[in-house]
Amino acid sequence: MLKRSKITHPSKKVICSGNEPIFTYIKPNNNDKLSDMSGLDLQELIWHIENYYLELRKTLGFDNMITFGLELEFEKAITNRICEKLDQYFHHSSWILKYDSSLDNGAEINSPVLKDNNTTWKDLTKVCEIVSENARIGENSGGHIHIGTQVIGDKSESWLNFIKFWSVYENIIYRFAYGEYLVGRPSIQRYAAPVTKDFWQDYIDLKNGNHSIESIIDTISYQKYRAVNFRNVSSTNAFKQRNTIEFRCPNGSLNPIIWQNNVNLFVNLLLYARSTTFDDDIVTRRHEINQDKYSGLSDYNELYLEQALELCDMLFTNNFDKVYFLRQYLKSFQIGTKILEKPKEFTKK
């Protein structure tokens, strides 16, 4: 096996048995630069990833300052049973059931403000279990994630980094966010429209001036029904946990592993945008490569391995997170065309 270069910014420690074959090939707590791999090395890595099944982690290793909230949408809901089960388990829970008229006999559950701890993921698992017994994911169900704005902070540069990064890597993010499905829900264009061109134009318009954080937020928060919604953001709220950025592109899911993996991606996106390791040169070069490459959402169903490895190396600081990202993104290299079409199973029961 060829010697791989390592990324030097600090890695968080992860909990992993290390006994799985992939983590004897690459060490889970290392931060190898996977985008440098090629040939047989890369083939072996992909083989290991495709034979690894994701499981729910006790925690993602985030700092206590990181907060998030979840919106689980579903259809054919027996709402009285769901309410009863939620009350039995949570005793007047702050996981709130609401009706959703945009879905077929639809409803959604809104979580309280959550933090990355064992209780959060146990509670989410129970909610998914309750809903699975009394509803199903429909073809237009979404899985929205809110993350407190304190994660990205109040520096203009961080917000500009974020919209630039998203505009360049949106095709990778969408395929990943389809979760256990191969394509996006039919209503995604209406309720979570791609923003790659808008964000790039916003970035160009804003980068050359000394714009305040208020000006940046005003520019990017003009519409709710996009992949990323900034309508809940207010700079006057001092970037608190209930002041959130909403990620609307994920498909609905009743699999807590998918939810946890999605949270991990979006939190790391915001953390990277504010970090001193943000690599503007790589992002700019990728924009030049991708420019005018995508004609529509159908292109987001395709695989772009080189670009995904590049994103992976920038966002994640350990091999464990990288494997979890790549497993959900690659989806056994299957390309979908049908609504609710699933790839080969990649999470543990």
Does F74 meet the test of being of a type outside the set (G, A, S), under 30 Å from H211 (Cβ atoms), modelled with pLDDT of 95 or more and surrounded by 15 or more Cβ atoms within 10 Å (Cβ to Cβ)? no
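Collect the residues in region 252-276 that are hydroxyl-bearing (S, T, Y) and either over 18 Å from N110 (Cβ atoms) or open to solvent by 10 Å² or more (accessible area, probe 1.4 Å) (or both), keeping them in residue-number order.
Y272, S275, T276
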Filter region 222-238 for residues that are in contact (Cβ under 8 Å) with a residue 40 or more places away in the chain and within 20 Å of the chain's Cα centre (by Cα); which is most open to solvent (accessible area, probe 1.4 Å)? N232
Breaking point among (1) in contact (Cβ under 8 Å) with a residue 40 or more places away in the chain; (2) in a helix (DSSP H, G or I), for R57: (2)
Please pick out the residue among D281, D292 that is farther than 21 Å from P194 by Cα, over 18 Å from the mean Cα position of the chain (by Cα), open to solvent by 30 Å² or more (accessible area, probe 1.4 Å) and without any contact (Cβ under 8 Å) to a residue 24 or more places away in the chain. D281
Which of the residues that make up region 80-103 are in a strand (DSSP E or B) and out of contact with any Leu (no Cβ under 7 Å at 6 or more places or on another chain)? I96, K98, Y99, D100
Taking region 91-114 and the residues there that are of a type in the set (S, T, N, Q) and closer than 14 Å to G252 by Cα, the one that is modelled with the lowest pLDDT would be S102
Kindly provide the set of residues from region 268-321 that are of a type in the set (K, R) and in a helix (DSSP H, G or I), ordered by number. R274, R285, R286
Looking only at region 113-141, and only at residues there that are open to solvent by 20 Å² or more (accessible area, probe 1.4 Å) and among the hydroxyl-bearing types (S, T, Y), the one that is farthest from K58 (Cα to Cα): S132
Which of (1) part of a helix (DSSP H, G or I); (2) free of Cβ contacts under 8 Å to residues at least 24 places away in the same chain does Y203 not meet, given it meets every other one? (2)
Region 161-200, residues that are touching a residue at least 40 places away in the same chain (Cβ under 8 Å) and either β-branched (V, I, T) or touching a Cys at 6+ places or on another chain (Cβ under 6 Å) (or both): I163, V168, I172, I173, Y174, A177, V183, I188, A192, T196
Of all residues making up region 104-134, the number that are in a loop (DSSP other than H, G, I, E, B) and within 25 Å of Y174 (Cα to Cα): 5
Quick one: what pairs do we get from region 77-97, first residue closer than 23 Å to V113 by Cβ, second part of a helix (DSSP H, G or I) and open to solvent by 70 Å² or more (accessible area, probe 1.4 Å), C-beta under 8 Å, 6+ apart or different chains? K85/E133; S93/D87
Per the list (1) within 19 Å of the chain's Cα centre (by Cα); (2) not in a loop (DSSP other than H, G, I, E, B), residue check on T219 breaks on (1)
All but one of (1) modelled with pLDDT of 95 or more; (2) over 26 Å from K338 (Cβ atoms); (3) not in a helix (DSSP H, G or I) hold for D154; which doesn't? (1)
Residues that are surrounded by fewer than 17 Cβ atoms within 10 Å (Cβ to Cβ), under 30 Å from T125 (Cβ atoms), modelled with pLDDT of 95 or more and not β-branched (V, I, T): does region 326-333 have at least one? yes
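The values are calculated or read from the model by the stated rules, or taken from the named source; none is laboratory data. Computed from a prediction, not measured in an experiment: that's the story for all the values here. Virtual Cβ from ideal backbone geometry, glycine too; neighbours counted across all protein chains shown. Only protein heavy atoms, including side chains, enter the accessible area calculation; ligands, DNA and RNA are left aside. Shrake-Rupley method; radii C 1.70, N 1.55, O 1.52, S 1.80 Å.
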